[in-house]
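Novice: Before I ask anything, here is the structure I am working with.
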Amino acid sequence: MIVSHEWLKQFVPHTRSADEVGEALSRHCVTLDGIESLGAHLRDFVVAQVVEAGRHPNSDRLWVTKVDDGSGTLLDVVCGAPNVVTGNKYPFARTGTVMPGGLKIEKRKIRGETSNGMLCSARELGLGEEHDGILTLDTTAAPGTPLLEVLQVADARLDLDVLPNRPDLLSHRGVAREVAAILGGTLRELPLELSEPLSELPALQGDTGVRGGQASVTLHEPAECSRYVAVVIRGVTVGPSPEWLKARLESVGLRSISNVVDVTNYVLHGFGQPVHAFDLARLAGRSIHVRRTREGESLVTLDGVARALPAGTTVICDEERPVALAGVMGGLDSEVTDATMELLLEVAHFDARFVRRVRKAMGLNTDASYRFERGVDAGDTLRVARAAAALIVQVAGGEVVEVLDAGAPPAARPAVMLRPARLARLLGAPIPDAVIAQHLRALGCEVTAAGEAWQVLAPSWRHDLLLEVDLIEEVARLVGFDALPDELRAFRPGTAPDHPVHLASRRVRDLLVGQGLAEARPMPFTATGGTDTPRVINPLAEDEPYLRATVLDTLARRAEYNLSRMQGNLRLFEIGNVFTPRAGRLPLEETRVGALLMGARRPPHFSEPEPPAYDRWDARDLAERMAAAAFPGAAVQTQPRSVGDDPGLLWTVRVDGRAVGSVQQISLDKPVWASEAFGVEVTLGVMPSDDLAPPGRNAHAPAERESGATRAVTYAPLPTTPAAEIDLALLVPDGVSAETVEQALRRAGGELLEQVALFDEFRGAGVPAGHRSLAWRLTWRHPERTLRDKEIDGRRARLLDLLEQELGIRPRAL
Amino acid sequence: MILSDYLAQAEALARDCRALLDGLDPDTRLDVAKGQLNALKDDRLNALQGALRALPPEDRRAAGTAFNTLKTTIQDALDAFAARLAAASGTEHVDLTMPARRSWRGAVHPVTLVIDEICEIFRELGFTVALGPEAETEWYNFGALNFPADHPAMELHDTLYLGQDTLLRTHTSPVQVRTMQRNAPPIRVLAPGQVYRRDFFDATHAPAFMQLEGLAIDEGVSFVDLKATLAEFARRFYGATRRVRFGPSYFPFVEPGAQMDVEVDLGDGKGLRWVEILGCGMVHPNVIEAAGLDSERYTGWAFGMGPARIAMSRYGINDIRVLYDSDVRFLEQFAR
């Protein structure tokens, strides 16, 4: 909402600066987005009078003039305007003045004649497009008077961020009311510049309609239009607006159109009440019907667009056809033109939800619909209508000949009780009773004492004051939030523990950062999807309408982004949510961590100029560590893929036997120089989304907390005896897995076998085709004594026998 | 002294020092060698330094240069002696200026850095972390939070819908309702999380972004508690001398509704200025009732803020998209 400082003064005369008003509003009422000073660029210009004007000796287009700028000395000024007239006054830039475009006026010679300044056109001053000549000032001001005192352009624009709860601030009178309540001062119901008295002609009234001598109004849909005031004005002269009216509209960024139209805009921005002026002569039957459309009706609106009206939409019609979109925009055919002499001024109250529906259906957002949707003061319709009519008579002449008032004013609102004790408890500080009452009255509330409480009747323009807390807020903001104390007071600790997924995320994040990975937070939508991915039904960008099913998919796209920027050493991870659709419920939502590795395992060093690239075994280790960090104390396993699994899958990550993730080789759209990419994805937890309890109910339950006891490690006493080690190189036929061999070794190794570690794989010389050589180091230890060589040899022999029998595996001859 | 004498004396001293060190037995310990060298050079070096001032001004530059060269020459000769000594004794001479064998440095995303810092401050003030789903029902996202149906207030949130009554949450505030339904008061939680808006992805907007919510509910919790806790947070986050102020604002789920501004220097040369940091207010009684609590007995306050905006101003990021692009050259700037 753009508010003009000068316009505000029409409703609450005061002498404070725009900055003071802005500060007061922002502290007590509404966010101030900024203050723009209007006309500040014209501060140095003055009124000057041309005393003498003659042709330039060396040009047919130029004039040489003598100008009185009030300094006491007549100045020689060369001027190129065709309309320079001796005796007239014009805006004048003295030497040294900086023009709005940045040009500095200096004393110079123009075709041999000295010029000490410049007479200016409207366009040169940034006051419009007029450039046919210099701007003639119709003023009695003496030469030397600052131009800003003559032109009504000095003003300040306050840009207020009015939120939907305060439609009463969508007008100058509404904002002025707040200024008066905050800074003191008396609110004027009518602006100072309205000099015409309001018509005292009695209004003809009727609940569903009213017929007068000049026109008639019928309300067929009272739910959507509860009140319709029509004022008939005869004998108007449509023409340009006076300067003061133009200045008002320009001060809020509106263009002047004609005196009648300008008044409707003045009333909308001044009082917050949309007003529409019909050319009465062009309303068939001189009547207004607020009725539903019939099949096939249409309307050309003021913007020139022909709109088909869906049947059943409530619109404003004359005897024959629709003439305006109620609460949104008027029709072109009944628009006021230069020839209009008879007006029907519509000042009506339309239902907020109804206007919102029509506005959305028509895709037409106007200043009027914006206000009706948020709520216009229904208690002031008739008086605003009379004020609007008086303004029209003031600027366009004519006479009010009839006032029709159909419908009923709104019913009185129920009273709200305000308990000062409740206010003190909620705010944390008591406010004296008298202060409470004073602030509420300043806002227009009727306040009466009722025992321990105040009984408060909110004014008709405050639809938002329905509950006790609404009144507490009013008092708090007028007292000022900053005036309340801010000492830290004692509190009780909460009952909700940290969410387990949050804790797991933190542990995994710490691990991955420690491992040299960088956290990414990419956009979680994907371009491709299907029945197994939820789709946003109203995406703004059609290229990525799906929610993702995996984090690795997102990371893979980010890897490609980096590769296209020549970055091939990538260690990225993300912790985020993924979605699976469920019929009739919210999607299943899981929080997952994904990690992607590709490129050099370490930065290059002089000792290792080309470090090896990450491979699957790095990914497997990372997966096991991620799972261990996410599920402390649980048994973590990475299980190789089975036949028939997706070939990209390498291992399934299991925690206590439950599958929680995978290790994958990631296929990327990548350049030849890039290494293989490997990914790990682990589910940290499900994010339950079912309703916890029906609306208005709770489902309180004792909190489940992770306990350190469940993660405890049992201490193993350190060995006191030496270990015995042997290395075993075995020729393993293809098709036999290392795991199978290792299990056999453990089985046959006996209970003193402490460790089995695979340390070499070899194919080539000395190894028969169809085989590989795998070498294990086995460690035995007796808890009480040193094992003898003979005992180890016996174990070795037994192992080799068993491997030969069960798996056909022989030792590799060295 | 004249310049030519000065230069000759400097040259002689350099020659003598080299001769001394060259002539030493290779078994001589380094400290012994140094002692002999000092005995030879100290007095003569001091004399040369003193003589500088006695020279005519036009000669001082040349003499000074010679003096410095002399000192370097002596040090180099000593270093060379030490290196010969090390080589002779079999110990390796290591060039310790060579770089470390580095491992990759991991990095926390800047938005996470901000969230972690905020959570840490509030943890000291008694807050734990709560989470909730990103796909929500209309009731948890709007209805329970006192958004009037079919009202312009809904337009403050351009919503991405998944179905008739299901949507991507437009704020983290549904976590307030879920927490109050699940946990009995007293409640003190923070809820960081991803939220969604129907916005184009440009330099200043993103359709998905992080938000951070806070909620405190108990008997007797007041606006003073809100002010005190949030002002304390601001002082710990921005610095103890920062000024903080509270002004009116509107969110359907709080009343009184407020915003907190902090006086900060955005580093753009314009000095200190008020910047809105967060929205806050007393939890609306309708919200407390919707979550199944008695609003006469329990009161509370809540706030919400945008860690991405804070990260942008803190780290001087002017295009929000770099936070999402995941360019490693960006992410690794935040390496630990």
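Novice: Filter segment A:316-353 for residues that are small (Gly, Ala, Ser) and within 13 Å of residue A:300 (Cα to Cα) and give the result.
Specialist: Within segment A:316-353, the subset small (Gly, Ala, Ser) is A:324, A:326-327, A:330-331, A:334, A:339, A:348, A:352.
Result: A:324, A:330, A:331, A:334.
Novice: Just to be sure, is residue B:95 more than 7 Å from chain A (Cβ to nearest Cβ), among the acidic types (Asp, Glu) and either on the phi > 0 side of the Ramachandran plot or in contact with a Lys or Arg (Cβ under 8 Å, 6 or more places away or on another chain) (or both)?
Specialist: No; evaluated as a whole, the condition is false for this residue.
Novice: Between B:127, B:81, B:122, B:67, which is more than 8 Å from chain A (Cβ to nearest Cβ) and either modelled with pLDDT of 95 or more or closer than 30 Å to residue B:321 by Cβ (or both)? Full working, then the answer.
Specialist: Values: B:127 fails: more than 8 Å from chain A (Cβ to nearest Cβ); B:81 fails: either modelled with pLDDT of 95 or more or closer than 30 Å to residue B:321 by Cβ (or both); B:67 fails: either modelled with pLDDT of 95 or more or closer than 30 Å to residue B:321 by Cβ (or both).
The match here is B:122.
Novice: Also, quick follow-up: Show me the strands (runs of 3 or more DSSP E) found entirely inside segment B:233-336 where at least 1 residues are facing chain A (nearest Cβ under 10 Å) and touching a His at 6+ places or on another chain (Cβ under 8 Å).
Specialist: B:244-248, B:254-265
Novice: Looking at A:496, A:518, which one is buried (at least 19 other Cβ atoms within 10 Å of the Cβ), facing chain B (nearest Cβ under 9 Å) and over 23 Å from residue A:674 (Cα atoms)?
Specialist: One residue alone meets the criteria, A:496.
Novice: For the structure I just gave you, tell me whether residue B:206 is surrounded by fewer than 21 Cβ atoms within 10 Å (Cβ to Cβ) and facing chain A (nearest Cβ under 9 Å).
Specialist: Yes: the conditions hold for residue B:206.
Novice: Which pairs have Cβ atoms under 7 Å, sit 6 or more apart or on different chains, and link a residue in segment B:115-140 that is within 24 Å of residue A:695 (Cα to Cα) to one that is in a helix (DSSP H, G or I) and of a type in the set (S, T, N, Q)?
Specialist: Close Cβ pairs satisfying both conditions: B:130/B:179.
Novice: Would you confirm, using the coordinates I've provided, whether residue A:418 is out of contact with any Lys or Arg (no Cβ under 9 Å at 6 or more places or on another chain) and either over 25 Å from residue A:256 (Cα atoms) or surrounded by 17 or more Cβ atoms within 10 Å (Cβ to Cβ) (or both)?
Specialist: yes
Novice: May I ask you to say which residue of B:166, B:179, B:172 is crowded, with 24+ Cβ neighbours inside 10 Å, facing chain A (nearest Cβ under 9 Å), of a type in the set (Ser, Thr, Tyr) and in contact with a Leu (Cβ under 8 Å, 6 or more places away or on another chain)? Talk me through it step by step, then tell me what you get.
Specialist: Working: B:166 fails: crowded, with 24+ Cβ neighbours inside 10 Å; B:172 fails: facing chain A (nearest Cβ under 9 Å).
Being crowded, with 24+ Cβ neighbours inside 10 Å, facing chain A (nearest Cβ under 9 Å), of a type in the set (Ser, Thr, Tyr) and in contact with a Leu (Cβ under 8 Å, 6 or more places away or on another chain) holds for just one of B:166, B:179, B:172, which is B:179.
Novice: Checking residue A:689 against (1) surrounded by 11 or more Cβ atoms within 10 Å (Cβ to Cβ); (2) closer than 27 Å to residue A:556 by Cα; (3) modelled with pLDDT under 95; (4) among the polar types (S, T, N, Q), only one condition comes out false. Which one?
Specialist: (2) is the only condition that residue A:689 fails.
Novice: Kindly evaluate residue B:212 against the criterion of being touching a residue at least 40 places away in the same chain (Cβ under 8 Å) and more than 9 Å from every other protein chain (Cβ to nearest Cβ).
Specialist: Yes, satisfied.
Novice: Taking residue B:112 as the residue in question, decide whether it is out of contact with any helix residue (DSSP H, G or I) (no Cβ under 9 Å at 6 or more places or on another chain), of a type in the set (S, T, N, Q) and within 16 Å of residue B:305 (Cβ to Cβ).
Specialist: No.
Novice: I've got another one for you. Scan segment A:606-617 residue by residue and report those that are within 12 Å of chain B (Cβ to nearest Cβ) and touching a residue at least 12 places away in the same chain (Cβ under 8 Å).
Specialist: If the condition is that a residue be within 12 Å of chain B (Cβ to nearest Cβ) and touching a residue at least 12 places away in the same chain (Cβ under 8 Å), then A:614 is the only one that fits.
Novice: Hey, among A:73, A:140, A:97, which residue is among the polar types (S, T, N, Q) and within 45 Å of the chain's Cα centre (by Cα)?
Specialist: A:97 is the lone residue from the list that is among the polar types (S, T, N, Q) and within 45 Å of the chain's Cα centre (by Cα).
Novice: Still on this model: So, in segment A:562-588, exactly how many residues are part of a loop (DSSP other than H, G, I, E, B) and either in contact with a strand residue (DSSP E or B) (Cβ under 9 Å, 6 or more places away or on another chain) or of a type outside the set (Ser, Thr, Tyr) (or both)?
Specialist: Of segment A:562-588, the ones part of a loop (DSSP other than H, G, I, E, B) are A:564-569, A:581-587.
So of that shortlist, the ones also either in contact with a strand residue (DSSP E or B) (Cβ under 9 Å, 6 or more places away or on another chain) or of a type outside the set (Ser, Thr, Tyr) (or both) come out as A:565-569, A:581-587.
Matching residues across segment A:562-588 total 12.
Novice: For segment A:679-704, what are the residues that are of a type in the set (Asp, Glu), in contact with a Ser or Thr (Cβ under 8 Å, 6 or more places away or on another chain) and part of a loop (DSSP other than H, G, I, E, B)?
Specialist: Hit for segment A:679-704 is A:691, nothing else.
Novice: Give all pairs with beta carbons closer than 7 Å in which a residue from segment B:176-196 that is farther than 15 Å from residue B:127 by Cα meets a residue that is aromatic (Phe, Trp, Tyr) and at pLDDT 95 or above; count only pairs at least 6 apart in sequence or on separate chains.
Specialist: Hits for this filter: B:177/B:140; B:178/B:140; B:195/B:209.
Novice: Next question, about the same structure. Do you know which residues across segment B:138-161 are surrounded by fewer than 22 Cβ atoms within 10 Å (Cβ to Cβ), over 36 Å from the mean Cα position of the chain (by Cα) and over 15 Å from residue A:163 (Cβ atoms)?
Specialist: Those that are surrounded by fewer than 22 Cβ atoms within 10 Å (Cβ to Cβ), over 36 Å from the mean Cα position of the chain (by Cα) and over 15 Å from residue A:163 (Cβ atoms): B:138, B:139, B:143, B:149, B:150, B:161.
Novice: Within segment A:9-26, how many residues are within 14 Å of another protein chain (Cβ to nearest Cβ) and either surrounded by fewer than 20 Cβ atoms within 10 Å (Cβ to Cβ) or assigned to a loop (DSSP other than H, G, I, E, B) (or both)?
Specialist: The total comes to 3.
Novice: Answer yes if at least one residue in segment A:238-246 is β-branched (Val, Ile, Thr) and either out of contact with any Ser or Thr (no Cβ under 6 Å at 6 or more places or on another chain) or modelled with pLDDT under 95 (or both), and no otherwise. Spell out the reasoning first.
Specialist: Applying the first criterion (β-branched (Val, Ile, Thr)) to segment A:238-246 yields A:238.
Okay, now just the ones that are also either out of contact with any Ser or Thr (no Cβ under 6 Å at 6 or more places or on another chain) or modelled with pLDDT under 95 (or both), so none.
The answer is no, given that none of the residues of segment A:238-246 is β-branched (Val, Ile, Thr) and either out of contact with any Ser or Thr (no Cβ under 6 Å at 6 or more places or on another chain) or modelled with pLDDT under 95 (or both).
Novice: Quick test of your reading of the structure: residue A:470 fulfils all but one of (1) out of contact with any Gly (no Cβ under 9 Å at 6 or more places or on another chain); (2) facing chain B (nearest Cβ under 7 Å); (3) free of Cβ contacts under 8 Å to residues at least 40 places away in the same chain; (4) in a helix (DSSP H, G or I). Name the failing condition by number.
Specialist: For residue A:470, the exception is condition (3).
Novice: Would you check if residue A:391 is crowded, with 24+ Cβ neighbours inside 10 Å, of a type outside the set (D, E, K, R), touching a Phe, Trp or Tyr at 6+ places or on another chain (Cβ under 8 Å) and part of a helix (DSSP H, G or I)?
Specialist: Working: crowded, with 24+ Cβ neighbours inside 10 Å: yes; of a type outside the set (D, E, K, R): yes; touching a Phe, Trp or Tyr at 6+ places or on another chain (Cβ under 8 Å): yes; part of a helix (DSSP H, G or I): yes.
In short, yes.
Novice: Among the numbered conditions (1) at the interface with chain B (Cβ under 8 Å from one of its Cβ atoms); (2) part of a loop (DSSP other than H, G, I, E, B); (3) under 19 Å from residue A:529 (Cα atoms), tell me where residue A:603 comes up short.
Specialist: All conditions are met except number (3).
Novice: Within segment A:614-643, take every residue that is of a type in the set (Phe, Trp, Tyr) and not in a helix (DSSP H, G or I) and give me the one that is farthest from residue A:570 (Cα to Cα).
Specialist: A:631
Novice: I would also like to ask the following. Can you confirm whether residue A:57 is part of a strand (DSSP E or B) and out of contact with any strand residue (DSSP E or B) (no Cβ under 6 Å at 6 or more places or on another chain)? Lay out the reasoning, then the answer.
Specialist: On the way: part of a strand (DSSP E or B): no; out of contact with any strand residue (DSSP E or B) (no Cβ under 6 Å at 6 or more places or on another chain): yes.
Taking the combined requirement at face value, the residue does not satisfy it.
Novice: Sticking with this structure for a sec: State all residues of segment B:217-228 that are surrounded by 24 or more Cβ atoms within 10 Å (Cβ to Cβ) and at the interface with another protein chain (Cβ under 7 Å from one of its Cβ atoms); if no residue qualifies, say none. Before the answer, list the steps.
Specialist: Initially, segment B:217-228 is screened for residues surrounded by 24 or more Cβ atoms within 10 Å (Cβ to Cβ), giving B:217, B:221, B:223, B:226-227.
B:223, B:227, listed by residue number.
Novice: Under the condition of being surrounded by fewer than 21 Cβ atoms within 10 Å (Cβ to Cβ) and among the polar types (S, T, N, Q), which residue from segment A:243-264 is farthest from the chain's Cα centre (by Cα)?
Specialist: A:258
The values are calculated or read from the model by the stated rules, or taken from the named source; none is laboratory data. If you're wondering where the values come from, they're calculated on a predicted model, not measured in any experiment. Positions of Cβ are backbone-derived with ideal geometry, glycine not excepted, and every protein chain shown enters the neighbour counts.
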